[in-house]
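Quick notes on the structure that follows.
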Ligand code: SF4
Ligand code: MG
């Protein structure tokens, strides 16, 4: 992803009409085959928008999404459909996207029908197979969405994504709505499925512990930009950006056997409608100087693969 995305969002009655805002800009990152890239940030940081833009669900006004040497942003609809099969989205709340009047078997079979994959017997076989992979039972084929618990629904959400045999899965807060005990079950299952299906994951979350557990690399988002990126261990051992430090300080670190000092940020995250000039973080940064108010810091590589956008570096 590069350059600037003009994001179309509806604020309902709040603005009286649809408004346009630039929620994500100058976001650029690579997703390597087989890895899990964690995109972390508070709500409103633009992480979901980034995921949706990759899929073309949120239109990009400019920039590129390069996949297999093709720019998905510029691809005609017809050709895009072929690639869309490879990239699947898993939502936070699969229930809202599961048709309540359809049985699970039918819901899972639907994408196969749309993409004209196999005959009915083959498709059914595939559905039963995928139910097993996500830890559900053959009899679940005949049940309706409301008959399932939150954890089971997320298994259905994963099954629906996996049945297309995707190469990339974009998981947007897939466990945030679940109890902690269920969260770890789903995360462990996701790790196993990743190995088995050779999946590349873009994992979007606001939860630091979850992202640390699941990710190989992490990008920290603040107000529509990535302010720091690096391998998970490097980032946690030596966070560089003042925002990353504050974010991580809120999570107890039991591995280091000492209590970190909690860094409390002043103020609220500004509206993405009017992001501050200079460094996007300057209105809340404890270390901000005058330069930070006017000059946008460039994204610099400090150590191997560890990048930060801050004038202190
Ligand atoms: Fe803080 Fe300035 Fe660094 Fe931004 S560039 S994070 S305001 S020190
Ligand atoms: Mg979101």
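Every read-out reported here was derived from the displayed coordinates using simple, explicitly stated rules and does not represent laboratory data. Since the structure is predicted, the reported quantities are computational estimates derived from the model, not experimental observations. Because the Cβ atoms are built from the backbone with ideal geometry, glycine has one as well, and the counts that use them run over all protein chains shown.
With one equal scatterer per alpha carbon and no solvent term, the Debye-computed log10 I(q)/I(0) for segment 39-108 at 0.12, 0.22 1/Å reads -0.44, -1.05. Percent of Cα pairs in segment 146-302 per distance bin of 5 Å, from zero to the largest separation: 2, 7, 15, 17, 16, 15, 11, 9, 5, 2, 0, 0.
Each 10 Å bin, from zero up to the one with the longest distance, holds this percent of the alpha carbon pairs of segment 49-90: 29, 64, 7.
Summary of the geometry: segment 267-313 and segment 29-52, compared by the centres of their Cα atoms, lie 19 Å apart. Can you give me the Kirkwood hydrodynamic radius for segment 211-252, using every pair of distinct Cα atoms, in Å to one decimal? For segment 211-252, the Kirkwood estimate is 10.4 Å. The value obtained for segment 123-209, namely the Cα convex hull volume divided by the number of residues, is 95 Å³ per residue. In summary, the convex hull built on the alpha carbon positions of segment 214-312 has an orientation-averaged projected area of 6.7 nm². For the pair residue 263 and residue 198 in one chain, pulling the backbone fully straight at 0.36 nm per residue adds 19.5 nm over the alpha carbon distance.
The P(r) of the chain has a tail past 26 Å containing 50 percent of all C-alpha pairs.
For the chain, the mean residue ellipticity at 222 nm estimated from helices alone is -9000 deg cm²/dmol, where every DSSP H run of n ≥ 4 contributes -39500 (n - 2.57) and the total is divided by all residues, rounded to the nearest 500.
Nearest 5 percent is fine: what portion of the DSSP beta bridges confined to the chain is antiparallel? Bridges in the chain are about 50 percent antiparallel.
Kirkwood analysis of the Cα pair distances in segment 79-170 returns a hydrodynamic radius of 13.2 Å. Each of residue 64 and residue 122 was given a label point 7 Å from its Cα along the Cα-to-Cβ line. The distance between the two points is 3.6 nm. For the options 136, 202, 162, a Gaussian network treatment of the chain with springs between C-alpha atoms closer than 10 Å singles out 136 as fluctuating the most.
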